[in-house]
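What follows is calculated from the coordinates using simple rules that are stated; it is not laboratory data. Bear in mind the structure is a predicted one, so any value in this text is a computation, not a measurement.
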Amino acid sequence: MDYQRILDEITREAAALSGVGRVASYIPELAKAPPDRFGMALITLDGQVFTTGDASERFSIQSISKVFLLTLAIRQIGEQLFERVGREPSGNPFNSLVQLEYERGIPRNPFINAGALVVTDVLLAQFSNARQEVLEFARHLSACPDLEYDAAVAGSEQASGFTNAALANYLKSHGNLRHRVETVLEVYFHACSLAMSCVELARAFLFLANHGVLPAMGERLLTVSQTKRLNAILLTCGFYDEAGEFAFRVGLPGKSGVGGGIAAVMPGRWAATVWSPEINCYGNSVRGMKALELLTTLTGESIF
């Protein structure tokens, strides 16, 4: 498969969508992202790297970091995690208070904000320094020891994160948050601020395409069954209330972030990532969605 030719073709076709969508502004620091950026990377299980555009430029991965949080939590407590958070698609915005109230403090899945806050709370119980543990895990997955949190983005989230604070307090009122609200939010905001490039992010997702094993070193991170289940949640819940559309158009497990990034995996073959900051009303990258749709169309590779 000539992946480089395909990525170059995708870049040309996706350029037509430049200007469609808007850079996220509800977190003020994210509004500074250059709207015209576009990068894409694909890394195969045998280590071949293919890139196009701004694939080496780091950006705030935002909710894509929830995959790292969830993986760490599953590694620590396994299926017990799902006594506190569900596994069903939300069908509602990622920060919905109404849904959390309706379901009495049990978030619908780990990838909406309320669910990620519960997962963060679990990690605080497991590690003496959960914030550093998440960072070191991302560094390990990506083989990039210099990854850092973006302090400006984390501070901006802290200053403007009133809805997340409301979600955390509501979870606390139902006994589904065991640590201080401020502590949970601090770790969560930092996780969302993690800055990675498309290449680094694709490498970090390779274990999900390889039955839970990091290909470069043969290290098992999750069991085959755990990996299958995490990929299932990515497919059904990874794109907020547009998960069905992504499955329909792209046909891969994946996760998006309001910073304009998307990471997706083709089990047994590769991991691919896209970054384009202009997002739609659901919080997903417009050009990123199109790019991955073109990738599975042009390669004929999807889980279906």
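Values of log10 I(q)/I(0) for segment 189-267 across q = 0.12 Å⁻¹ run -0.35, by the Debye formula with one identical scatterer at each alpha carbon and no solvent.
Across all directions, the shadow cast by the convex hull of segment 218-304 built on its C-alpha atoms averages 5.7 square nanometres. Pairs of alpha carbons in segment 1-85 separated by more than 14 Å make up 75% of all such pairs. Using only Cα coordinates, the Kirkwood hydrodynamic radius of the chain works out to 18.8 Å.
Expressed in Å, the radius of gyration and Dmax of the Cα atoms of segment 150-230 are 16.8, 44. Quick one: Cα centre-to-centre distance for segment 69-128 and segment 232-304, in angstrom? Result: 21 Å between the Cα centres.
Dividing the convex hull volume of the alpha-carbon atoms in segment 201-246 by its residue count gives 67 Å³ per residue. Only Cα pairs under 8 Å and 6+ residues apart enter the sum, and on that basis the relative contact order of segment 3-299 stands at 29 percent.
For the chain, the tally of Lys pairs with Cα-Cα distances below 27 Å comes to 11, considering only residues 8 or more apart or on different chains.
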